Amino acid sequence: MKHEIIARQISFTEASSYIRSNTAEVYEVPPGFKIFDVYIIGIPPILLGIDGTVITFPYTKPCHGTFLLRIDSPEEAGRIRAAAKRVRK
Amino acid sequence: MNEKSLRGTALVMLGCPQVPIQTSAALYLVHGLRKAGIPVTIAGTPSARALLEVADPERVYLDEVVDLDACIGFIAEGERDFSMSFVFVHNDAGVAYVASLAAMSKGRVHAVVFGGSTEEIVAQLQQVPCEIITARGSHNPLPMKKKLDGVLQWVVSNR
């Protein structure tokens with residue numbers, strides 16, 4: 001899947017701060033929320049950002065820390081808007 | 001799935017195996033839980049699993065061993081859960097895993113904190129609803145063994 005890595009090997013808190021400050025819409029999801037066939041893990045509240053159809057989200061790997069990824073997907077953006085709790089427009 | 005129906009099942013969740021005591025302490029914990037009659041599922045990264053499986057080729061100590069992401073998946077989907085979970089934590093990613101498990105599982109979640117940054121990790125875990133077992137150190141497993149002995153004693157007496 002085509003994706004952009006915005007940041008790598010950051011802390012989960014840094015990922016949340018970036019999303020809160022740099023995306024147009026911010027959504028809150030519980031740990032285990034599935035996006036792009038991946039179960040998102042993290043310290044609640046887990047934030048996802050959306051700009052149009054582009055989703056920004058944290059992806060944590062045990063050996064490499066948290067990555068901040070950006071993927072363009074109208075389907076997933078729509079699903080998040082319908083399923084997740086919006087915390088900021 | 002309520003806590004009563006989960007009675008007597010344990011999950012040991014392993015992160016990156018770069019800190020040596022993880023494998024030793026995990027094997028010791030699994031042994032103690034099994035000795036108490038509790039079947040144990042181990043979830044880990046491919047390397048963390050391989051370290052255990054190579055060390056125990058005849059499965060004297062190991063029961064079920066599963067992929068970490070698959071484990072998160074079946075707990076997130078509500079397909080399985082455990083009455084007690086032990087998540088090994090030595091970095092920021094480990095904090096994310098234990099926080100997630102504490103949110104998803106109906107059982108008792110323990111963070112087994114080790115390595116060189118235990119104070120920072122324990123501080124991050126203050127808002128996470130979990131029991132914290134901590135022993136600073138990366139190479140000598142004996143301080144962690146002592147802490148795990150205390151936990152195992154509690155587990156046996158509360159069965």
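The values are calculated or read from the model by the stated rules, or taken from the named source; none is laboratory data. This structure is a prediction, so every number in the text was calculated from the model and none was measured. Cβ placement follows ideal geometry from the backbone for every residue including glycine, while neighbour counts extend to all protein chains displayed. Only protein heavy atoms, including side chains, enter the accessible area calculation; ligands, DNA and RNA are left aside. Shrake-Rupley method; radii C 1.70, N 1.55, O 1.52, S 1.80 Å.
Restricting the stretch B:21-48 to residues that are within 25 Å of B:Asn91 (Cβ to Cβ) and more than 15 Å from the chain's Cα centre (by Cα), the residue that is nearest to the other protein chains (Cβ to nearest Cβ) is B:Ser47.
B:Phe114 meets the conditions (1) in a helix (DSSP H, G or I); (2) farther than 18 Å from A:Pro31 by Cα; (3) touching a strand residue (DSSP E or B) at 6+ places or on another chain (Cβ under 9 Å) in every case but one. The failed one is (1). If I filter the stretch A:11-24 down to residues being surrounded by fewer than 19 Cβ atoms within 10 Å (Cβ to Cβ) and farther than 21 Å from B:Leu101 by Cβ, which single residue comes out as nearest to the other protein chains (Cβ to nearest Cβ)? Among them, the one singled out is A:Glu14. The residues of the stretch A:41-58 that are farther than 17 Å from B:Tyr97 by Cα and open to solvent by less than 10 Å² (accessible area, probe 1.4 Å), listed by number, are A:Leu48, A:Gly49, A:Ile50, A:Ile55, A:Thr56.
State whether one or more residues within the stretch A:56-66 are in a helix (DSSP H, G or I) and under 10 Å from the mean Cα position of the chain (by Cα).
Within the stretch A:56-66, the subset in a helix (DSSP H, G or I) is none.
Within the stretch A:56-66, not a single residue is in a helix (DSSP H, G or I) and under 10 Å from the mean Cα position of the chain (by Cα).
Residues in the stretch B:117-137 that are within 12 Å of chain A (Cβ to nearest Cβ), touching a strand residue (DSSP E or B) at 6+ places or on another chain (Cβ under 8 Å) and part of a helix (DSSP H, G or I): B:Ile121, B:Leu125.
Within the span defined as the stretch B:78-98, every residue fails to be among the aromatic types (Phe, Trp, Tyr), within 21 Å of B:Met144 (Cβ to Cβ), open to solvent by 10 Å² or more (accessible area, probe 1.4 Å) and part of a loop (DSSP other than H, G, I, E, B). For the stretch A:40-77, filtering for residues that are in contact (Cβ under 8 Å) with a residue 40 or more places away in the chain and within 8 Å of chain B (Cβ to nearest Cβ) leaves 4.
Say whether the condition of being at the interface with chain A (Cβ under 10 Å from one of its Cβ atoms) and either surrounded by 17 or more Cβ atoms within 10 Å (Cβ to Cβ) or not in a strand (DSSP E or B) (or both) is met by at least one residue in the stretch B:138-149. No, the stretch B:138-149 contains no residue that is at the interface with chain A (Cβ under 10 Å from one of its Cβ atoms) and either surrounded by 17 or more Cβ atoms within 10 Å (Cβ to Cβ) or not in a strand (DSSP E or B) (or both). Pairing each residue of the stretch B:20-43 that is open to solvent by 40 Å² or more (accessible area, probe 1.4 Å) with any residue that is at pLDDT 95 or above and assigned to a helix (DSSP H, G or I), provided the two are 6+ apart or on different chains, yields C-beta distances under 6 Å for B:Tyr28/B:Lys145. Note on the stretch B:63-86: residues that are in contact (Cβ under 8 Å) with a residue 60 or more places away in the chain and more than 14 Å from every other protein chain (Cβ to nearest Cβ) amount to 4.
Within the stretch B:49-62, does at least one residue satisfy the condition of being open to solvent by 10 Å² or more (accessible area, probe 1.4 Å), under 24 Å from B:Pro129 (Cα atoms), away from every other protein chain (no Cβ under 14 Å) and outside any loop (DSSP other than H, G, I, E, B)? Checked the stretch B:49-62: no residue is open to solvent by 10 Å² or more (accessible area, probe 1.4 Å), under 24 Å from B:Pro129 (Cα atoms), away from every other protein chain (no Cβ under 14 Å) and outside any loop (DSSP other than H, G, I, E, B).
Out of curiosity, is B:Arg108 over 22 Å from B:Asp149 (Cα atoms) and more than 11 Å from chain A (Cβ to nearest Cβ)? Considered against the rule, which asks whether it is over 22 Å from B:Asp149 (Cα atoms) and more than 11 Å from chain A (Cβ to nearest Cβ), B:Arg108 comes out as no.
Within 15 Å of B:Leu14 (Cβ to Cβ), within 13 Å of the chain's Cα centre (by Cα) and not aliphatic (A, V, I, L, M): which single residue out of B:Tyr61, B:Tyr97 fits that description? Give the steps one after another, and end with the answer.
Working: B:Tyr61 fails: within 13 Å of the chain's Cα centre (by Cα).
Residue meeting the stated conditions: B:Tyr97.
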